[in-house]
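I have placed the structure first, in the form of structure tokens, so that the comments after it can refer back to it.
The values are calculated or read from the model by the stated rules, or taken from the named source; none is laboratory data. These numbers come from a predicted model, not from an experiment. Don't worry about glycine lacking a Cβ; one is built from the backbone with ideal geometry, like all the others, and counts go over all protein chains shown.
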Amino acid sequence: MQYSQYETVDTFTPEGKVKALEYIKNSVELGNTTIALGNKNCGILLAYNGKKSVLTHKQPKIFKISDKALFSFAGITNDGLDIVKYLVDYSVWEEIYKGRDIHPVKVFDDLCREAIPRTIYSGNRMFGCGGILLSRYKNEIVLTEFEPTGNVQLVHAVSVGNRSQSAKTILENYYDSLESADKNTLIKVALEALKNAHPDEELTNENVEIWCLEEKASFVESFNF
């Protein structure tokens, strides 16, 4: 039996899985590893940017939405860049017309309204990426995870992309101590999680990108591995 004939079917496949959901899940898992963690005072967003080919240019994996918000994604690049553009435009609109910061969950409302019909109705292509928003809202650091199906949730620490489960194992080990951790400690935990996800890779300043969010977002130029 050829399973490819069930790729557009939402209600039944011989394996008991919806193929479209499986493909989107795989596209996110093949993306570059991104790790985020923090507490009320400081947040860290780290992305592994390993070159897949010597012919390609290094591309940024963490995007500055505003002085108080950062975003990174794993999955299909074009979809991720569309979300980045949407977040930047929304942030500017909120600042100019309402004089306030973006809400860490409500900022995704329009994307969720688009993502959910894409998921439940056949014939539509779902979002091909998942993302992490690190933002400052009401003087507290907030982490938000966006999933391709339109699910949005607040988290204490999270990892998306390739081998993200290995990174989550380390984050879970440090969960109880994150609330009192300072900037350097949070960076060390993030790097340890990344090393656990890529134990055979040499991590350098060239393939690891780290941003910090306290009062404002800032790029971490140097750090010890």
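Observations on the model:
- Taking the conditions (1) assigned to a loop (DSSP other than H, G, I, E, B); (2) under 22 Å from LEU194 (Cβ atoms) in turn, HIS103 satisfies each one other than (2).
- Unique match (being aliphatic (A, V, I, L, M) and within 27 Å of TYR175 (Cα to Cα)) among ILE116, ILE24, ILE132: ILE132
- ASP10 falls short of the stated requirement of being modelled with pLDDT of 90 or more and either acidic (Asp, Glu) or in a loop (DSSP other than H, G, I, E, B) (or both).
- Strands (runs of 3 or more DSSP E) wholly inside the range 116-190 that include at least 2 residues being within 29 Å of LYS216 (Cβ to Cβ), of a type outside the set (S, T, N, Q) and in contact with a Ser or Thr (Cβ under 8 Å, 6 or more places away or on another chain): 129-137, 140-146, 152-155
- Condition met for GLU206 (within 17 Å of PHE223 (Cβ to Cβ), charged (D, E, K, R) and assigned to a loop (DSSP other than H, G, I, E, B)): yes
- When restricted to residues that are surrounded by 12 or more Cβ atoms within 10 Å (Cβ to Cβ), over 13 Å from THR33 (Cβ atoms) and either more than 15 Å from the chain's Cα centre (by Cα) or at pLDDT below 90 (or both), the range 193-211 contains 1.
- Looking only at residues in the range 125-176 that are of a type in the set (S, T, N, Q) and within 16 Å of LEU30 (Cα to Cα), the one that is nearest to the chain's Cα centre (by Cα) is SER159.
- The range 209-225 - residue that is of a type in the set (A, V, I, L, M, F, W, C) and in a strand (DSSP E or B) and, of those, farthest from ASN139 (Cα to Cα): ILE210
- Residue match in the range 154-168 (condition: in contact with a Cys (Cβ under 9 Å, 6 or more places away or on another chain), charged (D, E, K, R) and surrounded by fewer than 20 Cβ atoms within 10 Å (Cβ to Cβ)): no
- So PHE108, is it under 28 Å from ALA190 (Cβ atoms), out of contact with any Ser or Thr (no Cβ under 6 Å at 6 or more places or on another chain) and not in a loop (DSSP other than H, G, I, E, B): yes
- Residues in the range 82-124 that are surrounded by fewer than 13 Cβ atoms within 10 Å (Cβ to Cβ) and aliphatic (A, V, I, L, M) were compared, and the one that is farthest from the chain's Cα centre (by Cα) is ILE96.
- Looking across VAL152, VAL160, one residue alone is in contact with a helix residue (DSSP H, G or I) (Cβ under 7 Å, 6 or more places away or on another chain), without any contact (Cβ under 8 Å) to a residue 60 or more places away in the chain and under 20 Å from LEU21 (Cβ atoms). It is VAL152.
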